[in-house]
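The values are calculated or read from the model by the stated rules, or taken from the named source; none is laboratory data. Please read these numbers as outputs of a predicted model, since none were measured by experiment. When we count neighbours, we look across all protein chains shown, and the Cβ atoms used for this are built from the backbone with ideal geometry, even at glycine.
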Amino acid sequence: MKVKAARLIADRKLLVIIIALLVILSVADRNFFTLQTFVSLFDHIAINGVMAAGMTILLISGSFDLSVGSVMAVTGIIIVLSQQFGMLASVLLGVAAGTAIGALNGVLVVKGKINAFIVTLGTMIIFRGLGLVLTNSHPVKGSIAAFQVLSQASFLGIPLPVFYLVVVYAAVWYVLRSTKFGRNDFAIGGNAVSSRLAGIRVDLYTFLYFVVCSFMAALAGVLLTSRVNTGSAVFGDQTPMLIIAAAVLGGTSLFGGKGTVIGTLQGVLILGLIERAMVIFNVNTNYQLLVRGTIIIAVIVTDALTTKRREGAAAAAG
Amino acid sequence: MKAGKILIIVCLALAVIAVTAGAQKKVTIGFSMPFVEDSPYFFPYTQAVKKEAAARGWDLIMTDAKSDLNTQVNQIEDLVAKGVQGLLIVPLDAAGIVPVINKMYAQTKGKLPMITSNVMTDPPQLKSLVAFAGPNSYLEGKAMGDYWVHYFQKKGLTKVNYCEMAGKAGYSAAIDRRKGFQDRVRELGWTDKFVLFESQPGDWNADTAQKIMENWLTTYGDKIQFVYCHNDGMALGVVKALQDAGKNPGDILTNGCDGQVEAVELVQQGWMLFTVFQSPATDAKTATDTLARILKGQKVDYYTYMETPVIDKANADKYLPIVTEIWGTK
């Protein structure tokens, strides 16, 4: 009960920030408060959002993945380079390659018993390097016009990426809440040793969470490649930190065992709104980092304080 | 929820300030930058664009994508959503920026004038763009290749070993400066005479370039006859490595591109053979002039190239005060 109540408050805190940002931006820019703006906002956060959903699953299990930006870049490069085999084949190849990086991460962490931070730091560098080798350091340009439709077209006035975002979040929300895959995620993140004693195949599931995280990053790679019709090894350089920040802002614990995908979505949305605010207020983008960091710290500190106070009150009552 | 209430009050106050501040009507111009920090070029460039915009009475909204293409695409869409009347774009990626330019063209039904500056799109000529204004990295590469070939030709050499200190992998200036160099060397029939030992990305960074140069000195030593550098910043690192290794000016020569103060001084001292002067101020002026003429309804050429003169020992004294003025002191 306690945990649930605290989580509810955390959720509402983010909603307050989101509403506050919406109010500020609507007053500051008369062109802002339109359906068009909200739609484009979700369009803009789709790529990071999809990746952050996968990262949330992995973070809940107590692991970590720094290689997602490289996965996104490599996926895009392979899609563009294999477009001669047709659109579907190229997308499948790209996603398979990206997902395979997650499998490698998973094997190294589980079988090699190496810290996830170190493994994914290594694969992050290796696969960015592979991207540079594959492209000979030149960004590669896509040749299939139809592929661009995937993330540039709209349906009923709503850009397609918004639909993907909704589908991904609905799916991850369901999986985390109502499947063994999701329950084991929280159990392993909460306490891997007792999970193992309880008969959960910790290694297998940890491996799968890495695979899923990379799979989502690969999907983000598909969206990005379709959006810019280009594959490049420099794409997604700063993405891992950004999406981990979004997940943490959304209440996911870096130590595992705790997190919601709806919180992550709110985190991504807040970061997206801050980005938009920088344009509307015409302030130097450097302040974006200050604002972003301040909000993250503020939310986490108040989170910690309210949880502690509640626990204190409960202890006093008991 | 007390904290929430306070937040809302603060927000409303900020909003009121924002509204009163932005009340006056001006021409609003969007200015989309790929990155600014860590770039000795883009800092004076953005300063010059701001100055030019202020002189013209424009309300300039600048965005900085911090080297992330997806962010730049978002920012361009946001600028258009904000209702800018002109858009000046420095693409992070030549090909990757094209879809959003086309999308914005369609969205504004071709009514929003958009130009690119400094970095050309790929393909360079787009129906959705009005103009490109800025330097031509390919021609700079050609000028550098030309200078090196003629230098060694005059010396009567027939075989020259060199290393290439390339710009950040994937960046168009690096790609074009390499291609321009190679093409010019081929045109002059020197492809077989120039032996490339190694090409490494020095990431436009002096420290990175210095480390690479130290490795090259260990591997190839004095067999290297020159180092083809894609910009001045890396040339400074190369020279530092040579100085640390106890070399004398002219033992192993290098070149630069940009025309920074330190580089011009190294040209005077004989460490560098030449540099190509790409003035960020001229670049900014070329871009804003072009956009201003478009806004006035004048017809402009699709390509407006800025001048990029070569600075060598013969004219370094003349250029030193000019470059000092433009780059300023750090």
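Step by step: first the residues of the stretch B:66-88, then only those that are more than 8 Å from chain A (Cβ to nearest Cβ) and of a type in the set (A, V, I, L, M), then the one that is nearest to the chain's Cα centre (by Cα). Which residue is that? First the steps, then the outcome.
Looking only at the stretch B:66-88, we keep the residues that are more than 8 Å from chain A (Cβ to nearest Cβ), and these are B:72, B:76, B:80, B:84-88.
Now restrict to residues that are of a type in the set (A, V, I, L, M): B:76, B:80, B:84, B:87-88.
Details: B:76: 20, B:80: 24, B:84: 25, B:87: 19, B:88: 15 Å.
Checking each candidate, the answer is B:88.
Which residue pairs have Cβ atoms under 6 Å apart, sit 6 or more places apart or on different chains, and have a first residue in the stretch B:302-313 that is free of Cβ contacts under 8 Å to residues at least 60 places away in the same chain and a second that is part of a loop (DSSP other than H, G, I, E, B)?
What qualifies is B:311/B:259.
Residues of the stretch B:108-123 being more than 10 Å from chain A (Cβ to nearest Cβ) and touching a residue at least 24 places away in the same chain (Cβ under 8 Å), which ones?
Kept after step one, since they are more than 10 Å from chain A (Cβ to nearest Cβ), are these residues of the stretch B:108-123: B:108-121.
Within the stretch B:108-123, B:108, B:112, B:113, B:114, B:115, B:116, B:117, B:118, B:119, B:120, B:121 meet the criteria.
Could you figure out which of (1) crowded, with 22+ Cβ neighbours inside 10 Å; (2) in contact with a strand residue (DSSP E or B) (Cβ under 6 Å, 6 or more places away or on another chain) isn't true of residue A:141?
With respect to (1) crowded, with 22+ Cβ neighbours inside 10 Å; (2) in contact with a strand residue (DSSP E or B) (Cβ under 6 Å, 6 or more places away or on another chain), residue A:141 is out only on (1).
Being more than 14 Å from every other protein chain (Cβ to nearest Cβ), in a helix (DSSP H, G or I) and over 28 Å from residue B:48 (Cα atoms), is that true of even one residue in the stretch B:163-180? Break it down into steps so the answer makes sense when it comes.
To start, the set of residues in the stretch B:163-180 that are more than 14 Å from every other protein chain (Cβ to nearest Cβ) comprises B:163, B:180.
Now restrict to residues that are in a helix (DSSP H, G or I): B:180.
Still in the running and over 28 Å from residue B:48 (Cα atoms): none.
No, every residue in the stretch B:163-180 fails to be more than 14 Å from every other protein chain (Cβ to nearest Cβ), in a helix (DSSP H, G or I) and over 28 Å from residue B:48 (Cα atoms).
From the list B:235, B:209, B:241, B:287, exactly one residue is in the same structural domain as residue B:129 (by TED's automatic domain parsing), crowded, with 17+ Cβ neighbours inside 10 Å and modelled with pLDDT of 95 or more. Which is it? Even if it seems obvious, please write down each step before you answer.
On the way: B:235 fails: in the same structural domain as residue B:129 (by TED's automatic domain parsing); B:209 fails: in the same structural domain as residue B:129 (by TED's automatic domain parsing); B:241 fails: in the same structural domain as residue B:129 (by TED's automatic domain parsing).
Going through B:235, B:209, B:241, B:287 in turn, just one is in the same structural domain as residue B:129 (by TED's automatic domain parsing), crowded, with 17+ Cβ neighbours inside 10 Å and modelled with pLDDT of 95 or more: B:287.
Output the residues belonging to the stretch A:105-125 that are more than 14 Å from residue A:63 (Cβ to Cβ) and surrounded by 15 or more Cβ atoms within 10 Å (Cβ to Cβ).
Correct list: A:122, A:124.
Does residue B:267 fit the bill of being free of Cβ contacts under 8 Å to residues at least 40 places away in the same chain, surrounded by 18 or more Cβ atoms within 10 Å (Cβ to Cβ) and either closer than 22 Å to residue B:182 by Cβ or outside the structural domain of residue B:33 (by TED's automatic domain parsing) (or both)? Reasoning before the result, please.
Working: free of Cβ contacts under 8 Å to residues at least 40 places away in the same chain: no; surrounded by 18 or more Cβ atoms within 10 Å (Cβ to Cβ): yes; either closer than 22 Å to residue B:182 by Cβ or outside the structural domain of residue B:33 (by TED's automatic domain parsing) (or both): yes.
Considered against the rule, which asks whether it is free of Cβ contacts under 8 Å to residues at least 40 places away in the same chain, surrounded by 18 or more Cβ atoms within 10 Å (Cβ to Cβ) and either closer than 22 Å to residue B:182 by Cβ or outside the structural domain of residue B:33 (by TED's automatic domain parsing) (or both), residue B:267 comes out as no.
Given the criterion in a helix (DSSP H, G or I), among the small types (Gly, Ala, Ser) and touching a strand residue (DSSP E or B) at 6+ places or on another chain (Cβ under 6 Å), identify the matching residue among A:69, A:54, A:102, A:76. Spell out how you get there, then give the answer.
Values: A:69 fails: touching a strand residue (DSSP E or B) at 6+ places or on another chain (Cβ under 6 Å); A:54 fails: touching a strand residue (DSSP E or B) at 6+ places or on another chain (Cβ under 6 Å); A:102 fails: touching a strand residue (DSSP E or B) at 6+ places or on another chain (Cβ under 6 Å).
Selected residue: A:76, the only one of A:69, A:54, A:102, A:76 that is in a helix (DSSP H, G or I), among the small types (Gly, Ala, Ser) and touching a strand residue (DSSP E or B) at 6+ places or on another chain (Cβ under 6 Å).
Is it the case that some residue within the stretch A:155-177 is in a helix (DSSP H, G or I), of a type in the set (Ser, Thr, Tyr), at pLDDT below 95 and surrounded by 19 or more Cβ atoms within 10 Å (Cβ to Cβ)?
Let us first name the residues in the stretch A:155-177 that are in a helix (DSSP H, G or I), namely A:160-177.
Within this subset, residues satisfying the condition of being of a type in the set (Ser, Thr, Tyr) are A:164, A:169, A:174.
The next check asks that each one be at pLDDT below 95; those that pass are none.
The answer is no, given that none of the residues of the stretch A:155-177 is in a helix (DSSP H, G or I), of a type in the set (Ser, Thr, Tyr), at pLDDT below 95 and surrounded by 19 or more Cβ atoms within 10 Å (Cβ to Cβ).
Condition test on residue A:50, is it out of contact with any Leu (no Cβ under 9 Å at 6 or more places or on another chain) and modelled with pLDDT of 90 or more?
Details: out of contact with any Leu (no Cβ under 9 Å at 6 or more places or on another chain): no; modelled with pLDDT of 90 or more: yes.
Judged against the criteria, residue A:50 is not a match.
Can you confirm whether residue B:131 is outside the structural domain of residue B:234 (by TED's automatic domain parsing) and surrounded by 15 or more Cβ atoms within 10 Å (Cβ to Cβ)?
Values: outside the structural domain of residue B:234 (by TED's automatic domain parsing): yes; surrounded by 15 or more Cβ atoms within 10 Å (Cβ to Cβ): yes.
The answer is yes for residue B:131.
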